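Q: Below you will find the structure I want to go over with you.
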Amino acid sequence: MKILVVGSKGFIGSHVAAHLQRCGNEVWGCDVVTDYAAKQYIQIDATNADFNALFEQQQFEVCINCSGAASVPDSIEHPRRDFVLNTSNVFALLSAIHQHNSGSRFVNMSSAAVYGNPTCLPIKEDAPLNPVSPYGHHKMMAEYILREFAKLYGEKTCSLRIFSAFGSGLKKQIFWDMHQKMSNSEETVFWGTGDESRDFIHVRDIARVVELCIMHAAFNGEAINVANGEQTSIYHAASVFAKLAGYSGNIIFNGHVRKGDPRFWEADNSIIRSWGYEPSYSLEQGLKEYIEWARNV
């Protein structure tokens, strides 16, 4: 298949593009980064992207949008920028597809942030959406846009609700924070109580889910959980990280929940499992690889 990955230089996008290429697809990348060496790559303007030009030049069977902002704190400080990157650009992309490449399957990276603080676990896709951050609200709006184009215009769309992604290449969020603090201090302090939980999934497993989505999803505007279906406390994750990193200092949680952060996450991932998904990385395996990468950055 001929596939376009928007945001191909980013953390998830780079892994998705590489995986789909290994599977024998003709993969084109698209991002704001200059790359003179790549042959199948289209650079777009970071401040005024013309998505129409993408599909005027080429026709794609699948378009995967891995672009956008991915920071809850930044979305609180800069909500307009987050809206443009996570919502407005999705509408612009789908408008361009509808006009120039109608019928292309469109996959958008959404987030578990759309659920906010769920009322029960594990979280099923039909659970109420109650985001607690601008980031979560904007991802929810993008899902509505995908449903709009599917139901009103017949475009083939699907949202993937990514839970807690991790893996080599990610220079932010919880494990990068742990690496930075444990490398420079005999006492590390983190937000929260440590009882908060996440459903971690390795980025290479996310790439595999994207492949399965292309093969099996209905593309009628649906949203699908992407996670391993395992609840892990932040305290346990920090303990595993410290052990693998050889860190013997004190791990302290300040007891304050950061604004915009949900408390507990565990996904019902029965849909992707029905497609044949099985995780290839445990948390410990993924963190061992991540620590080795982080030490050489």
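The values are calculated or read from the model by the stated rules, or taken from the named source; none is laboratory data. What you are looking at is a predicted structure, and each value in this text was computed from that prediction instead of being measured. Here Cβ is always computed from backbone atoms with ideal geometry, including for glycine, and neighbour counts include all displayed protein chains.
Q: Please name all residue pairs, on different chains or six or more residues apart, with Cβ atoms under 7 Å, provided the first residue is in the range 179-202 and is under 17 Å from I291 (Cα atoms) and the second residue is surrounded by 15 or more Cβ atoms within 10 Å (Cβ to Cβ) and of a type in the set (F, W, Y).
A: From residues that are under 17 Å from I291 (Cα atoms), the pairs are M182/Y247; F200/F166; I201/F163; H202/F166; H202/Y281.
Q: Can I ask one more? Take the residues of the range 6-26 that are in contact (Cβ under 8 Å) with a residue 12 or more places away in the chain and polar (S, T, N, Q): which is surrounded by the fewest Cβ atoms within 10 Å (Cβ to Cβ)? Break it down stepwise before answering.
A: Kept after step one, since they are in contact (Cβ under 8 Å) with a residue 12 or more places away in the chain, are these residues of the range 6-26: 6-20, 23, 25-26.
In the following step, the residues that additionally are polar (S, T, N, Q) were identified as 8, 14, 25.
Working: S8: 27, S14: 19, N25: 17.
Filtering first and then ranking leaves N25.
Q: Determine the pairs where a residue that is touching a residue at least 60 places away in the same chain (Cβ under 8 Å), located within the range 204-220, has a partner that is of a type in the set (K, R) and surrounded by fewer than 18 Cβ atoms within 10 Å (Cβ to Cβ) with Cβ atoms under 9 Å apart, the partner being 6 or more residues away or on another chain.
A: N220/R147; N220/K151
Q: I would also like to ask the following. Residues that are more than 22 Å from N65 (Cα to Cα), in contact with a Gly (Cβ under 9 Å, 6 or more places away or on another chain) and not β-branched (V, I, T): which strands (runs of 3 or more DSSP E) entirely in the range 147-257 hold 1 or more of them? Talk me through it step by step, then tell me what you get.
A: On the way: elements: 156-162, 164-166, 187-190, 200-202, 222-226, 250-253.
Filter on the range 147-257 gives 187-190, 250-253.
Q: Take A267 and decide whether it is crowded, with 21+ Cβ neighbours inside 10 Å, in contact (Cβ under 8 Å) with a residue 24 or more places away in the chain and in contact with a Pro (Cβ under 7 Å, 6 or more places away or on another chain). Give the steps one after another, and end with the answer.
A: Values: crowded, with 21+ Cβ neighbours inside 10 Å: yes; in contact (Cβ under 8 Å) with a residue 24 or more places away in the chain: yes; in contact with a Pro (Cβ under 7 Å, 6 or more places away or on another chain): yes.
For A267, the condition - crowded, with 21+ Cβ neighbours inside 10 Å, in contact (Cβ under 8 Å) with a residue 24 or more places away in the chain and in contact with a Pro (Cβ under 7 Å, 6 or more places away or on another chain) - is met.
Q: Could you check the range 187-231 and list, in sequence order, the residues that are in contact with a His (Cβ under 8 Å, 6 or more places away or on another chain) and over 21 Å from S14 (Cα atoms)?
A: W191, G192
Q: I've got another one for you. Of a type in the set (S, T, Y), modelled with pLDDT under 95 and assigned to a loop (DSSP other than H, G, I, E, B) - does that describe any residue in the range 2-21? Walk me through it before giving the result.
A: So in the range 2-21, the residues of a type in the set (S, T, Y) come out as 8, 14.
Retained after the next criterion (residues that are modelled with pLDDT under 95): none.
Checked against the condition, which is being of a type in the set (S, T, Y), modelled with pLDDT under 95 and assigned to a loop (DSSP other than H, G, I, E, B), the range 2-21 yields no hits at all.
Q: Further, regarding this structure: Residue under question is E230, and the condition is that it be among the charged types (D, E, K, R), closer than 23 Å to L93 by Cα, modelled with pLDDT of 95 or more and surrounded by fewer than 22 Cβ atoms within 10 Å (Cβ to Cβ); does it hold? If you could, list the steps in order and put the result at the bottom.
A: Working: among the charged types (D, E, K, R): yes; closer than 23 Å to L93 by Cα: no; modelled with pLDDT of 95 or more: yes; surrounded by fewer than 22 Cβ atoms within 10 Å (Cβ to Cβ): yes.
So E230 does not fit the description; no.
Q: Which one is surrounded by the most Cβ atoms within 10 Å (Cβ to Cβ), of the residues in the range 270-284 that are without any contact (Cβ under 8 Å) to a residue 60 or more places away in the chain and closer than 18 Å to R198 by Cβ?
A: This residue is S282.
Q: A follow-up question, please. State the number of residues belonging to the range 54-66 that are buried (at least 16 other Cβ atoms within 10 Å of the Cβ) and either more than 27 Å from L212 (Cα to Cα) or in contact with a Cys (Cβ under 8 Å, 6 or more places away or on another chain) (or both).
A: 1
Q: Filter the range 233-256 down to residues that are touching a residue at least 40 places away in the same chain (Cβ under 8 Å), within 27 Å of N117 (Cα to Cα) and surrounded by 14 or more Cβ atoms within 10 Å (Cβ to Cβ), then give me how many there are.
A: 8
Q: Search the range 27-53 for residues being assigned to a strand (DSSP E or B) and touching a helix residue (DSSP H, G or I) at 6+ places or on another chain (Cβ under 9 Å), and hand back the single one that is surrounded by the fewest Cβ atoms within 10 Å (Cβ to Cβ). Full working, then the answer.
A: Residues of the range 27-53 that are assigned to a strand (DSSP E or B), as a first pass: 27-31, 41-43.
Retained after the next criterion (residues that are touching a helix residue (DSSP H, G or I) at 6+ places or on another chain (Cβ under 9 Å)): 27-31, 42.
Details: V27: 24, W28: 23, G29: 23, C30: 28, D31: 23, I42: 17.
Step by step, filter the range 27-53, then rank; the result is I42.
Q: Tally the residues that are touching a strand residue (DSSP E or B) at 6+ places or on another chain (Cβ under 8 Å) and among the hydrophobic types (A, V, I, L, M, F, W, C), restricting the search to the range 101-122. It would help to see each step written out before you state the result.
A: Looking only at the range 101-122, we keep the residues that are touching a strand residue (DSSP E or B) at 6+ places or on another chain (Cβ under 8 Å), and these are 101, 103-112, 114-115, 122.
Checking which are among the hydrophobic types (A, V, I, L, M, F, W, C) leaves us with 106-107, 109, 112, 114.
Adding up the residues that qualify gives 5.
Q: Restricted to the range 69-123, and to residues that are loosely packed, with under 15 Cβ neighbours inside 10 Å and touching a residue at least 60 places away in the same chain (Cβ under 8 Å), which residue is farthest from A46 (Cα to Cα)?
A: Looking at residues that are loosely packed, with under 15 Cβ neighbours inside 10 Å and touching a residue at least 60 places away in the same chain (Cβ under 8 Å), I get N117.
Yes/no per residue for (1) of a type in the set (F, W, Y); (2) more than 18 Å from P262 (Cβ to Cβ):
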{"position": "P134", "(1), (2)": "no, no"}
{"position": "M140", "(1), (2)": "no, no"}
{"position": "F149", "(1), (2)": "yes, yes"}
{"position": "G167", "(1), (2)": "no, yes"}
{"position": "S183", "(1), (2)": "no, yes"}
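Q: Sticking with this structure for a sec: Which of the residues that make up the range 216-229 are under 19 Å from the mean Cα position of the chain (by Cα) and closer than 20 Å to P128 by Cα?
A: Taking the range 216-229 as the starting set, the residues that turn out to be under 19 Å from the mean Cα position of the chain (by Cα) are 217, 219, 221-229.
Listed by number, the residues that qualify are G221, E222, A223, I224, N225, V226, A227, G229.
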